[in-house]
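Each remark here refers to the structure printed beneath this line.
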Amino acid sequence: MESRRQGTRRTAVLRREAVVVTVPVAVAALLAAAGPAAAGTTGGSGVGDPYFPLAGNGGYHVEHYGLTLGYDTTSRHLTGTAVLTVRATQKLTRFDLDFTGLKITALSVDHVKADFRRSGQELVVTPRHALHKGQKFRVTVAYKGTPKPVTDPDGSPDGWIPTNDGAFVAGEPQGAMTWFPANNHPKDKSSYDITITVPKGRTAVSNGVLLGQGTAHGKTTFRWRQREPMAAYLATATVGKFQVEQYRTRDGIQVYNAVDAREAGAAAPVLKKLPSVLEWESKLFGPYPYRAAGSIVDHAPDVGYALETQTRPVYDSAPDLSTLVHENAHQWFGDSVSLTSWKDIWLNEGFATYAEWLYSEQHGGDSAQKSFDKLYARPASDGLWEFPPGDPGSGANIFGTPVYARGAMTLHELRTAVGDPAFFRILRTWAAEHHDGNGTTAQFVRLAERVSGKDLNGLFHTWLYTAGKPNTP
């Protein structure tokens, strides 16, 4: 994600931004063990995330989401039907989904009407019959209304954000629940089919591969499929008046770019570099994780950030080259390898920021060492040292400068300690071993030590977990 929380959003040095498939067994194990009510017969109302305790739900894993949406850009009214293919990880007499704001018109479990109630962001479902551990079942929710974004702990909008010609849809960390019922935590990754009908003349862009589109009776329907597992916050259904470009890269990746005409002039020279950026990142990090790529460049001046929506980042305005590099580096670090706790977000943002440094270093700009030195020269009172990146302290800080900049500095310290051959082998191994899954900081530290043969505990403790400005050797 492009850094959105720094006050001077557009001038910040650091930037934020289907067929059913089965996710790795390790993910299901995480879900089965998670949440305050993992034992018993009711699914937990959260998975125990320290910063977002109600995010996600215990007792089940969603294998697939089938979302059918209709959006009127004039009235801003959304209709939706969500069909969730779910597997119980424990016996369930009741379970929760994350869903807020929109009115539910019907809800069933395996085609049988189920009781439900709302409690804040929790949609509490009581099926007619108990669900057994290991049982696969289908939850169908029909809903309608005017979706509104949620406000994150740092005051930013998140979710379905209306624009003057459609909607900018970016869900990190909480916003998916503003437009579809979800198990809304990165621990639970699923495949998606997303069908969106909008007024003729509008384009609706989502994740993965465009299966087809058709216009009838003044409306156009777009059908998208994301086969590879995806966390709910990375889903999008952005709508607007877009200029569309489609092509395949030399590696066969299907590229779909959708650009608001007001941003087209500034965006064109940057988006032209997308194939070379993906090729460069693939050489460093391993094969590109998906069959589709691209960009959604909206004109959304009130948003203030970009997001690495899976396969197709969404930008609030024309990105510069560093932002393009950053958001696409997330396809490896954040999207394919996802978090197990928002506390570990440096694994996303520190890695994507360091990708910017590496790109600069290898394309005639500042070396990574020079980027490091410029930051380290900041005084101890600077906001860069406000909190350690491995322990930001709260959800209000997860997009703060230390997560991005000091996270990247941690990786540079690692590179300096182990040398380039081991460092780049660590990055590629991390992306390969956790492909389509999840990872933790502890796992990354163990991997770095295994690959390098060095004791790195002190390095990571100093740069990730020690308050204040670290001392350098």
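To keep it simple, each residue is scored yes or no on (1) of a type in the set (Ser, Thr, Tyr); (2) open to solvent by less than 10 Å² (accessible area, probe 1.4 Å); (3) in contact with a Gly (Cβ under 6 Å, 6 or more places away or on another chain).
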| position | (1), (2), (3) |
| --- | --- |
| Ala176 | no, yes, no |
| Trp179 | no, yes, no |
| Thr195 | yes, no, no |
| Pro199 | no, no, no |
| Thr203 | yes, no, no |
| Val209 | no, no, no |
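For beta carbons closer than 6 Å, sequence separation of 6+ or different chains, a first residue in segment 70-83 that is open to solvent by 70 Å² or more (accessible area, probe 1.4 Å) and a second that is in a strand (DSSP E or B), the qualifying pairs are Arg76/Pro162.
If a residue has to be part of a strand (DSSP E or B) and under 20 Å from Gln90 (Cβ atoms) to count, how many in segment 105-141 make the cut?
Result for segment 105-141: 13.
With respect to (1) surrounded by fewer than 24 Cβ atoms within 10 Å (Cβ to Cβ); (2) touching a Ser or Thr at 6+ places or on another chain (Cβ under 8 Å); (3) of a type outside the set (A, V, I, L, M, F, W, C), the lone exception for Asp320 is condition (2).
Contact map, segment 308-334: residues that are more than 25 Å from Phe424 (Cα to Cα) paired with residues that are open to solvent by 10 Å² or more (accessible area, probe 1.4 Å) and of a type in the set (A, V, I, L, M), Cβ distance under 7 Å, separation 6+ or inter-chain. Pairs shown: Ala318/Ala266; Ala318/Val270; Pro319/Val270; Asp320/Val270.
Of all residues in segment 441-450, one or more are out of contact with any strand residue (DSSP E or B) (no Cβ under 7 Å at 6 or more places or on another chain), crowded, with 19+ Cβ neighbours inside 10 Å and of a type in the set (Ser, Thr, Tyr).
Of the residues making up segment 187-223, those that are within 19 Å of Gly159 (Cα to Cα) and part of a strand (DSSP E or B) are Lys189, Ser190, Tyr192, Asp193, Ile194, Thr195, Ile196, Thr197, Val198, Thr203, Ala204, Val205. Which of the residues spanning segment 323-372 are among the aromatic types (Phe, Trp, Tyr), more than 18 Å from Thr416 (Cβ to Cβ) and surrounded by fewer than 24 Cβ atoms within 10 Å (Cβ to Cβ)? Selection gives Trp342, Tyr359.
Entry remark, segment 451-470: residues being assigned to a loop (DSSP other than H, G, I, E, B), closer than 18 Å to Pro421 by Cβ and open to solvent by less than 50 Å² (accessible area, probe 1.4 Å) number 1 in total.
Looking only at segment 276-305, count every residue that is in a loop (DSSP other than H, G, I, E, B) and either farther than 15 Å from Gln226 by Cβ or touching a Cys at 6+ places or on another chain (Cβ under 8 Å) (or both) and tell me the total. Final tally of qualifying residues: 10.
Is at least one residue of segment 264-285 open to solvent by less than 10 Å² (accessible area, probe 1.4 Å), among the polar types (S, T, N, Q) and at pLDDT 95 or above? The answer is no, given that none of the residues of segment 264-285 is open to solvent by less than 10 Å² (accessible area, probe 1.4 Å), among the polar types (S, T, N, Q) and at pLDDT 95 or above. Selection of segment 279-292 for residues being in contact with a Ser or Thr (Cβ under 8 Å, 6 or more places away or on another chain) and under 12 Å from Trp332 (Cα atoms) yields Tyr288, Pro289, Tyr290.
Yes/no matrix, rows are residues, columns are (1) in contact with a helix residue (DSSP H, G or I) (Cβ under 8 Å, 6 or more places away or on another chain); (2) open to solvent by less than 30 Å² (accessible area, probe 1.4 Å); (3) basic (Lys, Arg):
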position	(1), (2), (3)
Asp96	no, yes, no
Glu122	no, yes, no
His132	no, no, no
Lys144	no, no, yes
Asn164	no, no, no
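Here Glu172 passes the criteria (1) open to solvent by 20 Å² or more (accessible area, probe 1.4 Å); (2) within 20 Å of Ser338 (Cα to Cα); (3) not basic (Lys, Arg) except the one numbered (1). The sole residue among Val239, Val259 that is within 22 Å of Ile161 (Cα to Cα), outside any loop (DSSP other than H, G, I, E, B) and open to solvent by 10 Å² or more (accessible area, probe 1.4 Å) is Val259. Across segment 242-256, which residue is most open to solvent (accessible area, probe 1.4 Å) among those that are in a strand (DSSP E or B) and more than 14 Å from Thr203 (Cβ to Cβ)? Filtering segment 242-256 for residues that are in a strand (DSSP E or B) and more than 14 Å from Thr203 (Cβ to Cβ), the one most open to solvent (accessible area, probe 1.4 Å) comes out as Arg248.
What is the residue count in segment 390-422 for residues that are surrounded by 22 or more Cβ atoms within 10 Å (Cβ to Cβ), within 21 Å of Ala448 (Cα to Cα) and not hydrophobic (A, V, I, L, M, F, W, C)? Matching residues across segment 390-422 total 6.
The values are calculated or read from the model by the stated rules, or taken from the named source; none is laboratory data. It should be emphasised that the depicted structure is a prediction, and the values quoted were computed from it without experimental measurement. We place every Cβ from the backbone using ideal geometry, glycine too, and count neighbours over all the protein chains shown. Ligands, DNA and RNA are stripped out before the accessible areas are found, and what is left, the full protein with its side chains, is counted by its heavy atoms. Shrake-Rupley method; radii C 1.70, N 1.55, O 1.52, S 1.80 Å.
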